[in-house]
Ligand code: BDR
Ligand code: CA
């Protein structure tokens, strides 16, 4: 199985991404590193622990990473995810405990311990933990297999400012360092996640898949109500699960290898992913920028794997 570390700020869509990974035997999740993002770090840690427990994986190590972006203060998104970050059916206080080791050290140690080119990082929050690991241990850049990250937007521009997507906006300095690292990147921007919209019938369907399914349905339902009210959209984009799904079933997705640079300073465009989709520069391609998804295939995969986790 493909070894991965999930770097995350749960978040309902992060939580579904974790469930998808844990329900898929193509993937071997070595650990989960939490980062501040949707809500502050103590809550993203708590939520990651609670999701592992829900999934029947109390053995999975969860680590706390960075509590704040590399420069400046933290921007959070309680207005999207609720005060807990994981509003929906309330999960019990997790009985498993966070690991003592810092998440950044776990990333570094794991990449140094495992054979080079065998561990993929799945990053579905701000890129602070990964950029910090690269700062502390530049040698890991040549050991990581690739990074599959949810972040950015080009044709769909922004969801937190008119120009920027949340994960990149929260820590553009970290993102810039990751995009300049030379590591093979697969980027899942809003351009594709806005095509991965939930539907009421799908939420109902997973709601029938045992307790895990009922909880996942309550999360996505919460998320969906926000998007319908705010954007009048047909459903809610399941952003982060797309990053995990790309690893399990890449044929569901399509995109182009292009150059992507991160704006760290712009007066109006801080956190923008400047994507050379049309190849108008001679800058070296550094990312596979995904733009399309087979929506039905994606939601079938999600239902199947949630059912598996529920033991159905
Ligand atoms: C991203 O921001 C967060 O709110 C979601 O969890 C996702 O990772 C979408 O912009
Ligand atoms: Ca996230």
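Bear in mind that the values in this text are calculations on the coordinates, not laboratory data. Here the structure is a predicted model, which means the values were calculated and not measured. Note that we place each Cβ from the backbone using ideal geometry, even for glycine, and neighbour counts take in every protein chain shown.
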>> Taking the condition of being farther than 19 Å from residue 242 by Cα and either more than 16 Å from ligand 2 (Cβ to nearest atom) or crowded, with 22+ Cβ neighbours inside 10 Å (or both), how many residues in the stretch 147-163 meet it?
In response: 3
>> Out of everything in the stretch 1-40 that is more than 11 Å from ligand 1 (Cβ to nearest atom), touching a strand residue (DSSP E or B) at 6+ places or on another chain (Cβ under 7 Å) and assigned to a loop (DSSP other than H, G, I, E, B), what residue ends up being nearest to residue 193 (Cα to Cα)?
In response: 26
>> I need the full set of residues from the stretch 196-219 which are touching a helix residue (DSSP H, G or I) at 6+ places or on another chain (Cβ under 6 Å), more than 17 Å from residue 79 (Cβ to Cβ) and within 16 Å of ligand 1 (Cβ to nearest atom), in order please.
In response: 196, 198, 216
> Filtering the stretch 3-23 down to residues that are crowded, with 23+ Cβ neighbours inside 10 Å and more than 15 Å from residue 150 (Cβ to Cβ), which residue is farthest from the chain's Cα centre (by Cα)?
Replying inline: 22
>> So in the stretch 80-90, with the set limited to residues that are farther than 15 Å from residue 32 by Cβ and in contact with a helix residue (DSSP H, G or I) (Cβ under 8 Å, 6 or more places away or on another chain), which one is surrounded by the most Cβ atoms within 10 Å (Cβ to Cβ)?
In response: 81
> Given the conditions (1) under 18 Å from the mean Cα position of the chain (by Cα); (2) away from ligand 1 (no atom under 16 Å from the Cβ); (3) buried (at least 24 other Cβ atoms within 10 Å of the Cβ), and given that residue 250 satisfies all but one, which numbered condition is not satisfied?
Replying inline: (3)
>> Please pick out the residue among 51, 104, 80 that is under 22 Å from residue 177 (Cβ atoms) and in a helix (DSSP H, G or I).
In response: 104
